[in-house]
Amino acid sequence: MPRSRFAGSLMSPKVDLMIDMGNPFLNLTVDGFLKIGTVAAAKAAAEETYDIFKSGSVSRHKFEHSLKKMCKEGAYWGTIAGVYVGMEYGMERVRGTRDWKNAMLGGALTGALVSAASNSNRDKVVMDAIAGGAIATAAEFFNQLT
């Protein structure tokens, strides 16, 4: 049975959070889920706040709608990030090396999985796999530049 441990620190402007699930694969997957999920929820909160101010009225219904949208966006993007990070780590372990090809393969598999889960059009799944691989590879190359 995996043990979980929660640790965090707050140093302005960086927030660092680590959850130890007892396995590097699980640690990276949960970390990706939490980080990107939080960003997506914050984005949804900012958009909803703008919409509420734009309309000029605040109601319980709008607040509940905003909260649901924040949770939905956070869970959706967090899941995609968790799958991607897990796939990339899995590629690294299988291939025995750490390079840009892991990002490409992880992105392609993530794109294909997410697409296959949401539609049944084979061409769309292939195109999403290509897009996922291209985006992940580009992000990896940009990370190497800095």
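The values are calculated or read from the model by the stated rules, or taken from the named source; none is laboratory data. In this text, all values refer to a predicted model and were calculated from it rather than measured experimentally. Counting neighbours? That spans all protein chains shown, and the Cβs are built from the backbone with ideal geometry, glycine included.
Only a single criterion out of (1) surrounded by 14 or more Cβ atoms within 10 Å (Cβ to Cβ); (2) at pLDDT 95 or above; (3) under 24 Å from THR29 (Cβ atoms) is not satisfied by MET127, namely (3). Inspect region 30-46 for any residue being in contact with a Ser or Thr (Cβ under 9 Å, 6 or more places away or on another chain), without any contact (Cβ under 8 Å) to a residue 40 or more places away in the chain and more than 23 Å from MET18 (Cα to Cα) and give the result as yes or no. The answer is yes, given that some residue of region 30-46 is in contact with a Ser or Thr (Cβ under 9 Å, 6 or more places away or on another chain), without any contact (Cβ under 8 Å) to a residue 40 or more places away in the chain and more than 23 Å from MET18 (Cα to Cα). For region 55-81, a tally of residues being among the charged types (D, E, K, R) and closer than 27 Å to GLY111 by Cα returns 4.
Among the residues of region 88-100, the ones that are closer than 18 Å to PHE25 by Cα, out of contact with any Gly (no Cβ under 6 Å at 6 or more places or on another chain) and surrounded by 15 or more Cβ atoms within 10 Å (Cβ to Cβ) come to 3 in all.
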